[in-house]
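Below is one structure, written out as structure tokens; the observations come after it.
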Amino acid sequence: MKKVLLVLIMIFGLNLVGCSKKNKNSKTTTTTTYTDDLKDSAIMIKIDGKEIEITWENNDSVNELKNYSKNELTISMHQYGGFEQVGAIGKNIKSNDSKITTSPGDVVLYSDNQIVIFFGSNTWSYTKLGHINLNKTELAELLKKDSVILTLSIENKAD
């Protein structure tokens, strides 16, 4: 009986050790809580210094992006695939990816930490952030370059 009990304790101990090891492939996502002091604020967007009109989605990803934009967020973007500009946010933000087909002007979150602006179209899993209110020709003129600088900052609607 003592041997059986000892074997059971050893098996239980090995299971505990196995459960406590972190999976090397696991993904750690850090999120920031949206603050109420930004509820009456909007994110302003500039591409290469030009202020652009955008309609933002009402979701947790945009709220987190708003929080990161309080002190102005500058993102270096590069053209990819001949239909989009992509740039790293520098932090992971909450996502709710679903397979969508984008259209010119769509702004999406990719891989929890990259912002993508389309001047063409693509189908993939993204979290929609917003839509730039320019026509296809204006978007191509603005975005069909090797790289652009995206600047996000907060505009207080109450002002």
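The values are calculated or read from the model by the stated rules, or taken from the named source; none is laboratory data. What you see is a predicted model, and the numbers here were worked out from it, not measured in a lab. Glycine also receives a Cβ, built like all others from the backbone with ideal geometry; neighbour counts cover every protein chain displayed.
Being out of contact with any Leu (no Cβ under 7 Å at 6 or more places or on another chain), in contact (Cβ under 8 Å) with a residue 12 or more places away in the chain and more than 16 Å from GLU53 (Cβ to Cβ) is true for just one of GLY130, GLY120. Which residue is that? Criteria check complete, one pass: GLY120. Within the range 2-20, the presence of a residue that is modelled with pLDDT under 95, loosely packed, with under 10 Cβ neighbours inside 10 Å and assigned to a loop (DSSP other than H, G, I, E, B) is excluded. Please tell me if LEU129 is in contact with a helix residue (DSSP H, G or I) (Cβ under 7 Å, 6 or more places away or on another chain), modelled with pLDDT of 95 or more and surrounded by 17 or more Cβ atoms within 10 Å (Cβ to Cβ). The answer is yes for LEU129.
If you go through the range 133-159 and pick out every residue that is assigned to a strand (DSSP E or B) and out of contact with any Leu (no Cβ under 6 Å at 6 or more places or on another chain), you end up with 9. Restricted to strands (runs of 3 or more DSSP E) entirely inside the range 47-119, those with at least 1 residues that are over 16 Å from the mean Cα position of the chain (by Cα) and closer than 19 Å to ILE149 by Cα are 50-52, 54-56, 73-80.
Taking VAL108, is it surrounded by 20 or more Cβ atoms within 10 Å (Cβ to Cβ) and touching a Lys or Arg at 6+ places or on another chain (Cβ under 6 Å)?
On the way: surrounded by 20 or more Cβ atoms within 10 Å (Cβ to Cβ): yes; touching a Lys or Arg at 6+ places or on another chain (Cβ under 6 Å): yes.
So VAL108 fits the description; yes.
Across the range 134-154, which residue is surrounded by the fewest Cβ atoms within 10 Å (Cβ to Cβ) among those that are closer than 13 Å to ILE52 by Cβ, more than 20 Å from the chain's Cα centre (by Cα) and not aliphatic (A, V, I, L, M)?
Within the range 134-154, the match that is surrounded by the fewest Cβ atoms within 10 Å (Cβ to Cβ) is ASN135.
The set of residues from the range 62-98 being over 21 Å from ALA42 (Cβ atoms) and in contact with a Phe, Trp or Tyr (Cβ under 7 Å, 6 or more places away or on another chain) comprises PHE83, GLU84, VAL86, ASP97. Within the set SER103, SER76, the sole residue that is of a type in the set (Gly, Ala, Ser) and either surrounded by 15 or more Cβ atoms within 10 Å (Cβ to Cβ) or without any contact (Cβ under 8 Å) to a residue 60 or more places away in the chain (or both) turns out to be SER103.
Number of residues in the range 91-100 that are closer than 19 Å to ASN58 by Cβ, in contact (Cβ under 8 Å) with a residue 40 or more places away in the chain and not basic (Lys, Arg): the value is 1.
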